[in-house]
Every structure is written in structure tokens, then in C-alpha cells.
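As C-alpha cells, the structure follows; a few thoughts come after it.
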Amino acid sequence: MHDIAMMERVLCDPASIPHAAQHPDWEVRYAAAVAIEACADPAWLPTVRAMWQHELARPDYTRASVRFVEHVGDTRNAEMIGPLTAVFPAGTDDATRAAWACRGRVRQALAFAIAAIGQCDDGLRCMLHDRLLAADEDYPVKAAVARALARVGTAASIAPLQVALALDEWCTHTEAALALAALAARSSE
Amino acid sequence: MVDWSQPWLIDDIAGLRAALLAPGAGGQRSVVWRMLVQSARRAPEAYPWYTAFVALITREPADIARARQVLACYLGKLDAVRFTSGLQLHFWCFAFPHAKWSLMFQWLCSIGAYGDDERRAITAQLVSFQFTNMHYGLRTKPEPACVDNQTLALALSNALVGMLFSGHSALAEPLRRDGLRRLPAILGALPASGYSGEGSAYMDGVIGPAVTLAVEVLNRAHGRDDGLWATPQPGGTPPIAALRMVAREALPGGLLLPWDNYGYQFGVRSPLAYGAARTGEAVFFAALASCIWSYDIGVGWAYDDLVWTVIWWPAAAAPAEGAHGWFEEQVGGALWSADRQRGVLQIWDDSAPGIPTRAHVNPNAVLFHAHGVPLSADGAADSQGCARFAFADTWREVGYLSLDAPVRYNYGDGCGGAHSVILFDGWEGLRLHQDQPQRGAAAHAPAMLRCDVAPFYRESVPDVRRVERRTLLLDERFVVIEDLIESEAEHDVTARFVLRPELAPAPCGVRIVTPEGVSLQLVEALHAATFRCEAVAGFPARPDGRAVLADVVARGRQVRWLFVALAGPGRVAQPLTALQAIADPAGTLDDAHARRLLRASPLRLDGQLPPHLERDLPLVRTWWYRTTLRRPAGTAWLRLPLGLARPRVLLDGRPVDLAPWATSLALLPPDVPLPDWIAADAAFELVVRSDVPLSHYEGGGDGTLGLCGGFALCLPSAVEQIRAACLADGVLAVQTDQACYRWPYALLPADAPAGA
């Protein structure tokens, strides 16, 4: 069982964000990022940067390799109320398992937190650009990053956003188009 | 906050319990309730979606124990689900079921099925899973740009779970807040027609069932009761529009409009029951009357359609006036005879620019339907693909459908050439590349539909001025379709009709007769134009796995055709009831043994439902039926139940080859012709074996159909055929082998807008 009590606490008490932001349980860190978004306070940007760096240092989740007992297929698994057992490759450690379950969730929530704060330094902005340019990053992360860049992007964001615009994935494409339009509007002001 | 002492989203639980538990209660709702109870009690692991509702109604300890066991099983798989590509890439599919299990947990709590500690622990598990997966998923969808079934499911699930657990968990608050904010915006942003553009599969499977629950959730969130008719946002679409479109998609006979990649399929029932109960409108009752009750399909990826159908069953009777047709300016329309035995649809809904995989290219497509049977072919190629529509430039490879290798497929079956539309210069891969207007003016009148779709064609044929089609239903029998195509330069223009097999001889024009015996004759009346016919294999996958293309071609700057279509009735059916029946628990009886047992069996069944649902019988997969009858003189057929599985048919002990119905029997009842070796007036024995589904899931996610509709002996009925059709002196004259019909007819004026 995950530390649900801590997830609850961080949503109610911003004072617990620093602790939650470094929590070993990714679900608590996810809740911390959502809590930062709710605060929308630039004072949390260093925490966001640290969390982002921590996420980038975790095991790669883009090559998850899990087999299942009683697996019935992608959408049928949603309908089926039956046993399901995940079988991991030998040697898969807990950190890797956690990365495979979490994938880009914390990154997405951090991107939304940056969007809510509405400010960003160049270093953090570069991290956002990198996610748009990473070929194997999940699209929920790319779409969230594009949305954040609509608020905090600069002229340097245009090129990575144009890369995202060309992707054959509707959410990313849409957010990238909106972000480019927002940047164009800001530059004409 | 939600009152946890009452089952949420059920208006009158006391009244509902009284109605369902009343001794001797009759009617269709009682039949469905009985199906739910039988299924939940005999195989709760196979019918888990019924267990909580059955427990809620009966409150019997054994039923409650079954529901608790099912919920425990659901909770037990959540950790493993986190690693599935399904949850990671298709989280919306998991959102709706999770919300429903959260709701059913609340129902069980309302009858004291859980102690306080259990309740707190399960609440934490349900709400945290929602928070890290479905709330994350909702936020992935661009706001407010994304309006589709996926986002609707995500917004509803967050609103529902958020409201349920509000006050019980801080995690519920962002779910409630974001769900309730986005839900009205998504509902209100549906097109004015109520049609999401995603075809019947998603309108029936997700949009309709989500709209009903969304209205109930929003009504409770905002303390109102008019949410079905209210616009959720200024200038938005009221939810009733989407529900009406769900009902309009339901064709007589139980199939749905085949305008998306899923083609013909059966419909859901709960949105129809909800619409009938809340509005009393004829369109809902008409659709409800055609439902296939032995069909089990996920609504929002949850198999609780019949549960909500029972909850929302209309108390009032159907209104006296019928549902003769409909018209939506953005979408199309239908013309139905008063008895709904004959109809035609003209569709001009927008297709997806670029890659039309879901919203197919169908500008002004016509679909014929008569006597409960589709006459036009539409849908997607079968699993082997259809070489005829696999164009060189319509291949696509995507990486987000699977965590493993990219998926490659051809979307040519979504292009214009696979639909009953106008084609220019032989381009069958007709589709748009840019988002642009796709139609001009549309109009309707009683028994008339009309639309100009020239804007659609201008991207590929810039000089085109007009591509107008007008459809009429005359004397409730004859369909008249006029096409007027105008362009600046000459073009080769094709009017294509994609029909079901088989081609049959005709005095003029083209004629098909479906395996069910319903015919359609199509004649061109202005030029006596000749149809160029072509058989296509592998498209559409269902019902027949093949189609007939009937093309008329002309070249010019102005091309005009006037088609007359006449559908012939199906066969005359004489029901066969009270067949002898036996269960075959191992499914291994041979023919001789089965026949011996059948002859001695006192059990009599009608084949209207799987036996364990029709009567108080054990849950057995394989059943055999037997009857004897006398062969009438001349041609005759045996109509077998819809939904036969692993069927075997014996006539006097001789097996019948059912290969011709291998694909169609999933959607239509097979009519097996009586062989010549059975002499006229001779008695003969019919024996039929069929498996029946024993679980929600046997359809592999595409719906599970149990046998229904019963058996019948069918005889030929007289079919009227067109001998000639022409337009002269403002009169359209159609000479058939039975009569001459004449109607005043004015051609579409050239160079006039459609709406004029």
C-alpha cells in the first residue's frame, strides 16, 4: 500500500511539500507536485527543479518489459474483473518497477506546476525543451510541457515546440499549436 | 456531500425494489431483472458487473457476499494493472469502470455491507488510484480543445469519484473540482446535433452512457433536475441532443448506423431507457423496441448497461405517434415509413481530415434499410485487410497504440471509395488533407433530405461548384435519389453505391438480394444509365465479409442522375415454438446421441434467449433443440435464432453446411434453404446445436451475443420489381411488374443553392 496518508496531507498542508517532494513513494511526490501547482507560488521553483532532476535520474521507463498472467489485452483489462498478476524480468529492482508504474506522471504534474506558477528560469526551461525533443518521452509529458511553455516559453522554445507540432499525436500537437500561438501573441504585444 | 445511507444516483430505491421484487411482475424489465439475478447468482465471476446491483435490490446475505468478493477481486488487480499498456496508454478505458466500481462500493456501503475499517481502507485504495491515474489522464487531454468520448469518460469519472469521496479524502477534492469544471464544458461543446463524430460505436458505447450519468451527477452537484435539457454553458449543446442521436442511430432490427470504422453492430439500452423515461419521446421508445436483449456490451468499458436499463426503465407507455425520421443540419437525416419497415439515410457528417480512421469519408452517403435488414455495406475491412481499398498512400504507422512495436495499418476503407458517395476522376482514396468546411446548405421537408457537399470536394477538385444530393421517400416505399454535380471543367463523375451481396437478375438497373431474402433494386431514370458492378472481398468485415459496388459513370461539366430504389420484403415467417431441448454439459454429444436424447426430452424452449436466461435452467454452454415440421411446397427456409455460436444444424440427421453464414450470423439470423431432397409435404426433423455465452466477456470486448429471436419456417413473399422508370413532362413514372406509379417531380434547378 502506498503512503496515502502522506498524499492526503500534502494536499491539505503546503508545509509538508518539502518532505513530500523527496518522498521515496512516487505517488507522494506526484501529490506534492499537484500541491505545488495549487499553490502557484514561485517560491517553490527550486523544489520543482530538484524534483525534475530527481525524475530524470530515475530508471528509464520507456522500455518497460512486463508479462502478465491472465492478461487479456489493453482495453479488455479495463472491463475484466478477474485476477491479474504482473511478472517482471529477473533482476528488476523496486526503483525500476516504480518507474514503470509511474512513467511520466510526476513530470507531467511538475510541468503543470510550472505553468501555474507562470515563471521559469533558463535552466528549467531547457529541461522542458529537452522533454519535447526526447524521442521516446511519453506524450502526456510532452503535451504538459507544451502547455507550460505557452506560459513560460521564450523565443528559444519555438524550435522544440515546432518539433512537437509535427508529431502524430493529437494532444501533443494541439498543445504545441496553442503554445506557439501564445508565444506569437506575446511577441507581438 | 453524498449521503452514504442511500445508494447514490438511484432516485427511488424503495420504489425500485418494490417493482423488481413484486411477485408476478411482468414485462421486459422483469425479464431483464431475472437475467441479472440468474447471471449474478450462478456465475458471479463471469457476470461481476451485475453482482452489486443484485445485492442492493435483494439485500440477501449470499448476494452481498458475492458482490463483496467481486469488489475484492477488482481491488486486488489494481497493483498489477499499473504496469499494463492498457492503463498507461488507454487510461480513459479504465476511468469509467473505476468510477462505476467506486459507485457500486457506495451502494454496498448503503446496505451495510462493509464495516468502518474496511470502508476507510477501500475508500483510500479507490480514490488514490483515481488520483494518480485518471486525474492524471484527464489533465493529459487539452482543455478546452479536447471534446471526445475519452475526455468525457475521464471528466465524468473524476467528477463521480470526486463527489462520492468528497469529505472522506483530500485526494477527492481535485477530482471533484476538475471533473465538475470540465464535464459541463465537454457536454456543452458537443456539436449541436449531439453527434460526436466518432460513429455509433462511441456514441452508443461511451457518449450515451456517459451523458446519462453526467446529467445525474451534475443535477446532484448543482441541486437541479433539468440538466438533460439545459445548456451546460452559454450557447452550448444540451445533453438531450446526444441522447437523441444515440436513439436515431438505432436501426429497426437492432443494428446501428454503420458510419464509423466499426460498421454494423448492436446497440446499448440504458440511454434509450433513460431517454424514454425522462422525455417520453417516440424516438427512444422506437429504438427500445428493436433492442437485442441477449447482447452484452461494455458501456464505458463496464458491463452494466442492463443494470442501468432496469433502473431507468420508463413507467409510461410509448406515445401514439411514431418516429418517422430525423434531420440534423450538421449530420444528415433519415426517412422512415410509418411502420419503419423501409427507410433510407443520407449522411453528410464531417470526416476527419488527414487520416479518416474513425470518422469516415461519407459526404452525402446513402444507406438503404428495409424489413429490419441493412441493404448497404459500410464499415471496415476484415482482419486480413481489403486489397481493393488498401491504397498505396493510405498506410499509417503509429507508436502510441502499443508499448512494443509500432502498429501499421491501412485506412483506405475510411476513404470515399468505400462509401456510397460521388467520386471525381476515379479517385477512390477521397479524403481531406486540411480542416475546412465540408458541406454547404442542407434542407429537409417531410419525406425529403437535401444537401450540397461541394465544399468537401473543392480541396481535390477546385473547380467543382455543386455536389448536391436529394433523397425522397415516396408513397412510403420508393426511394428517389437525385444527384446534381456541376463544375467548371469536365470530369469523370461516379455515383457509387456500396451494397450487400448478392447480385441478382433484374429487369433493369441493379438488384441485390441479401441472405435474409430482402431485396433492393436500383434504377437510373434520366438516362437509363448502366450500372458497372464489382464484387469486393474482405470489405466490410460484417455482416458478409464482402460487398457489391454498383457504379454509374458519366463525364461532363454538369452531371445529373435520378435513381429510383425499391426494397422488396423479406420472407414470410411462421414462428416455431416449444422445441424439445437438452443441455449438453460437456459439449461433446454426437449427432445420433443428441437426437435420441432430444426425442425423449420433456423440456420445451422457444430459443428466444439462452436457456439459462429464458428459464430456470442450469448454466450450460451447449444446447440442442429439436422439432419436426412439414415441408411446404416450393422454396422455403428455416430461420434460425440470431447469435448462434459453434452451430450445427441437422435436417433428418444430415448436417447442413453453415459456411455461407459464417460471418453474417453474428449480426443477422441465418435463413437456411430447405434442400430439394425433402419432398413437398413430407415431415422432417430439424435439430440445432448452439453454444451460449456464459460470461460478459466472450465477445472479446466487442460485445457478446446470446441466441435470441427464436426459430421460424419462412416462405417466399411476392416481390415487386421495377420494369422501367423515366421522367417526362414533370412526371416521374415507375412501371413495376404490378402497377404503374406516377408522381409530379421537379428536378433540382441548376445553379440554385440547396437551401433555396
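The values are calculated or read from the model by the stated rules, or taken from the named source; none is laboratory data. Because the structure is a prediction, the values reported are computed rather than measured. Using ideal geometry, Cβ is built from the backbone for each residue, glycine included, and neighbour counts are taken over all protein chains shown. All accessible areas refer to the heavy atoms of the entire protein, side chains included, with ligands and DNA or RNA removed. Shrake-Rupley method; radii C 1.70, N 1.55, O 1.52, S 1.80 Å.
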Mean residue ellipticity (222 nm) of chain B, computed from DSSP H runs ≥ 4 via -39,500 (n - 2.57), nearest 500: -8500 deg cm²/dmol
field: Stretch gain in nm, segment A:TRP170-A:ALA134, where the contour uses 0.36 nm per residue and the Cα spacing is subtracted
entry: 11.2 nm
message: Which residues among the range B:137-153 fall inside the zone where the amide N is under 20 Å from a point 7 Å beyond the Cα of A:ALA185, along Cα→Cβ?
response: B:141-147
- request: Work out the mean other chain Cβ neighbour count within 10 Å for the residues of B:130-141 and drop it here as an integer.
  value: 6
- prompt: If R0 is 51 Å, what FRET efficiency do you get for B:ASP676 and B:VAL731 from their C-beta distance, rounded to 0.05?
  reply: 0.65
task: Whenever you get a sec, compute what percent of the accessible area on the range B:572-715 sits on carbon and sulfur atoms (1.4 Å probe).
output: 53
task: Based on the mean of other Cβ atoms within 10 Å per residue, sort peptides B:420-431, A:156-167, B:260-271 so the most packed one is first.
output: B:260-271, B:420-431, A:156-167
- prompt: Are there any helices in chain B, counted as whole DSSP H runs, that stretch 18 Å or more along their axis by Cα and score at least 1.0 on average by Kyte-Doolittle, and if so which?
  reply: B:149-165
- prompt: What residues qualify as long-range amide H neighbours of B:SER196, i.e. H under 5 Å apart, gap of 5 or more or another chain, H built at 1.01 Å from N?
  reply: none
field: 3J(HN,Hα) from dihedral phi, the range B:615-629, Karplus parametrisation 6.51/-1.76/1.60, rounded to Hz, x for glycine, proline
entry: 9, 7, 10, x, 7, 10, 6, 9, 9, 10, 10, 8, 8, 10, 8
task: Compute, for A:TYR61, the solvent-accessible surface of its heavy atoms (probe 1.4 Å) with the complete set of protein chains present, and express it in square angstrom to the nearest 10.
output: 10
message: Using the Karplus curve 6.51 cos²θ - 1.76 cosθ + 1.60 with θ = phi - 60°, what ³J(HN,Hα) values do you get for each residue of the range B:350-366, in whole Hz, with x for Gly and Pro?
response: 5, 9, 6, x, x, 10, x, 7, 9, 8, 5, 7, 9, x, 6, 5, 10
query: Among the lysines, which have Cα under 20 Å from the Cα of B:LYS77 when same-chain residues fewer than 8 positions away are ignored?
result: B:LYS100
message: Within the range B:292-310, name every residue whose backbone N is under 16 Å away from a label modeled 7 Å from Cα of B:ASP12 along the Cβ vector.
response: B:310
The range B:572-715, accessible area per residue, ligands and nucleic acids excluded (1.4 Å, Å²): 40
message: Check which residues have an amide H placed less than 5 Å from B:ALA365's amide H, if you skip close sequence neighbours.
response: B:ILE347
statement: the range A:13-91 and the range B:8-37 have their Cα centres apart by a whole-number Å value of 43
- request: Can you tell me how much longer the chain between B:TRP395 and B:SER383 gets when fully stretched, taken as 0.36 nm per residue apart minus their C-alpha distance, in nm with one decimal?
  value: 2.8 nm
- request: Evaluate the distance, in nm, between pseudo-label points positioned 7 Å from the Cα of A:ALA38 and of A:PHE68 along their respective Cα→Cβ axes.
  value: 3.2
- line: Buried accessible surface, B vs A, both sides, probe 1.4 Å, in Å² to 100, equals 4400
- request: Filter the trypsin sites (Lys or Arg not before Pro) in the range B:578-664 to those in DSSP coil with at most 16 other Cβ atoms within 10 Å of their Cβ, and list the result.
  value: B:ARG615
message: Please compute the length gained on full extension between B:ASP226 and B:ALA441, using 0.36 nm multiplied by the number of residues separating them and subtracting their Cα-Cα distance.
response: 74.1 nm
- prompt: Pairing the Cα long axis of helix A:105-117 with the longest principal axis of chain A, what angle in degrees results, from 0 to 90 and rounded to the nearest 10?
  reply: 30
statement: Those trypsin sites (Lys or Arg not before Pro) from the range B:212-255 that are DSSP loop and have at most 16 other Cβ neighbours within 10 Å turn out to be B:ARG224
field: Rounded to whole Hz, the Karplus (6.51, -1.76, 1.60) HN-Hα couplings of the range B:710-719, x for glycine and proline
entry: x, 10, 7, 9, 10, 10, x, 10, 5, 10
